[in-house]
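Following: one structure in structure tokens, then a few remarks.
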Amino acid sequence: MGFLRRSKNSDSNDEATAAEAAGSAAPELVDQQSDRSDGPFDVSEKEFAADDPQRLNLGSVSLPIPAGGQVQVEMGQGGEVQGVHLATQHGRITVIAYAAPRSSGQWLTVCDELAASLATEGATIESEDGPWGAEVIARTEKADIRFIGVDGPRWMIRLVAAGPSGTGDTDGNLAGLAREVLRGTVVTRGDAPLPVRTPLPITLPKALHEQLIAMQQQQAEQAAKRRAAGGAQAPAGGQAPAGGAQAPAGDQAGGQAQA
């Protein structure tokens, strides 16, 4: 049963409201094949230059970098890459591709699960019909988050566009920019068998990877200097102040790197 509540942009909003008032469930979203004629594309459908400076090539996905956009790399505690984002003047855009069955309809299932999960966290949930079908919007006091998904051949792609509260409207700059990025995205699924919903592996471009390594080394050196300075200022008893041996949050391995 579809969980999603239709937004006021939908023609069926009145019927959905009446149904809810009567104690019945809201209408289910229609499962339909995504129209990808204008993108996003499978690598078999669209060629792209792997070294194009206007694109971010992450191996499994290649996407256009918006004008003025910056690439942000989110690192885990062990130094592994946890996420790659595009920071724009309107908000942050994240694109992830997943393994999917040959049949379509995976995104619609994910929509229901997303809506249910976000609702339990206190967000106001809406659904809109976008260029590829259902789009989920979660609104909180501080942020608007839009989820756009597309089913492809043995893959599903999910875009998350997050911005300050009030930026999540369907005709807003962030939504328009997010759809533009998605239209220009190319997915490389590969032939390896993968469980459904497994994120396709990402590989950082060489230049970005080297920049991250250099930045991590610099942060480690700065943290070591702080610890050494804290030890030199220790009291006569030999104990360094508690704050002297602790690096600021920005120097931790789990911090966010930007390139």
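The values are calculated or read from the model by the stated rules, or taken from the named source; none is laboratory data. If you're wondering where the values come from, they're calculated on a predicted model, not measured in any experiment. Because the Cβ atoms are built from the backbone with ideal geometry, glycine has one as well, and the counts that use them run over all protein chains shown.
Values for this structure:
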| quantity | calculated |
| --- | --- |
| Region 18-65, residues that are modelled with pLDDT of 80 or more and touching a helix residue (DSSP H, G or I) at 6+ places or on another chain (Cβ under 7 Å) | Asp38, Gly39, Pro40, Leu63, Pro64 |
| Of the criteria (1) in contact with a Gly (Cβ under 8 Å, 6 or more places away or on another chain); (2) at pLDDT below 95, which one Ala87 fails | (2) |
| Tally of residues being hydroxyl-bearing (Ser, Thr, Tyr) and either within 15 Å of His209 (Cα to Cα) or in contact with a helix residue (DSSP H, G or I) (Cβ under 7 Å, 6 or more places away or on another chain) (or both) across region 66-103 | 1 |
| Residue check, Gln89 under 18 Å from the mean Cα position of the chain (by Cα), assigned to a loop (DSSP other than H, G, I, E, B) and either surrounded by fewer than 19 Cβ atoms within 10 Å (Cβ to Cβ) or among the aromatic types (Phe, Trp, Tyr) (or both) | yes |
| Residues satisfying the stated conditions in region 43-68, i.e. charged (D, E, K, R) and either in contact with a strand residue (DSSP E or B) (Cβ under 6 Å, 6 or more places away or on another chain) or closer than 17 Å to Leu159 by Cβ (or both) | Lys46, Arg55 |
| Odd one out for Thr124, checked against (1) among the polar types (S, T, N, Q); (2) in contact (Cβ under 8 Å) with a residue 24 or more places away in the chain; (3) in the same structural domain as Leu58 (by TED's automatic domain parsing) | (2) |
| Test: residue in region 59-76 that is of a type in the set (Ser, Thr, Tyr), buried (at least 20 other Cβ atoms within 10 Å of the Cβ), touching a Pro at 6+ places or on another chain (Cβ under 7 Å) and assigned to a strand (DSSP E or B) | no |
| Members of region 200-227 found to be in contact with a Leu (Cβ under 8 Å, 6 or more places away or on another chain) and surrounded by 15 or more Cβ atoms within 10 Å (Cβ to Cβ), listed by number | Leu200, Ile202, Leu204, Pro205, Leu212 |
| Sole exception among (1) modelled with pLDDT under 75; (2) of a type in the set (A, V, I, L, M); (3) touching a strand residue (DSSP E or B) at 6+ places or on another chain (Cβ under 7 Å) for Ala234, by number | (3) |
| Members of region 169-192 that are without any contact (Cβ under 8 Å) to a residue 60 or more places away in the chain and surrounded by fewer than 22 Cβ atoms within 10 Å (Cβ to Cβ) | Asp169, Asp171, Gly176, Arg179, Asp191, Ala192 |
